1. Looking only at the stretch 13-47, count every residue that is touching a residue at least 60 places away in the same chain (Cβ under 8 Å) and crowded, with 18+ Cβ neighbours inside 10 Å and tell me the total.
2. State whether the residues of the stretch 57-74 include one that is exposed (fewer than 12 other Cβ atoms within 10 Å of the Cβ) and assigned to a helix (DSSP H, G or I).
3. If I ask for residues that are surrounded by 12 or more Cβ atoms within 10 Å (Cβ to Cβ) and more than 20 Å from residue 188 (Cβ to Cβ), which ones from the stretch 109-133 would you list?
4. Can you run down the residue pairs with Cβ atoms below 6 Å, 6 or more apart or on separate chains, where the first is in the stretch 48-60 and more than 15 Å from residue 28 (Cα to Cα) and the partner is modelled with pLDDT of 95 or more and surrounded by fewer than 19 Cβ atoms within 10 Å (Cβ to Cβ)?
5. Which of the residues that make up the stretch 16-50 are modelled with pLDDT under 90 and within 23 Å of the chain's Cα centre (by Cα)?
């Protein structure tokens, strides 16, 4: 389990404890450097977390040789890991559902205006969410799924073949939905000519 450390999604102490317990459950001889990498912690902080877990009888040390140890989850540690992972999974699903709801709200406004012939630009995880939302709403025609990465051309995403941007020259959608949060400005500039020449809407999420 790796933690995401972003502006709006920062790991708590509980999340870091779970990352450590989950990692040890998979590999009791994992290095402290690897524990720190997965939990976004310094070596000193990893030592502190491990000490607290030993004190709380969640893990125990077993000497491998003179210089190294194994970190074994106790019965209480495994029970705590399972309970924490269940809570973590539930919260993650709620965050995903909230994002999908927000995307669906944006897309419903297109259908209300009868803007239903779409191209999706950006074959990313966001695109998968958009495709799910479009299916749930119904009534849309996905004319193409486009991405700038040549390595993705010809591959499929959720049943759609990924095409290079050159297909935009031959298709006339009502709108292009930018389904890449990380490259929105770049893609928006790339689509300006299509918008100006053919009055195609450019939709940002």
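1. Qualifying residue count, the stretch 13-47: 5.
2. no
3. 111, 116, 128, 131, 132, 133
4. 57/74; 57/76
5. If the condition is that a residue be modelled with pLDDT under 90 and within 23 Å of the chain's Cα centre (by Cα), then 34, 35, 36, 37, 38, 39, 40, 41 are the ones that fit.
The values are calculated or read from the model by the stated rules, or taken from the named source; none is laboratory data. Note that the structure is predicted; figures quoted are calculated from it, not measured. Please note: Cβ atoms are built from the backbone with ideal geometry, for glycine as well, and neighbour counts cover all protein chains shown.
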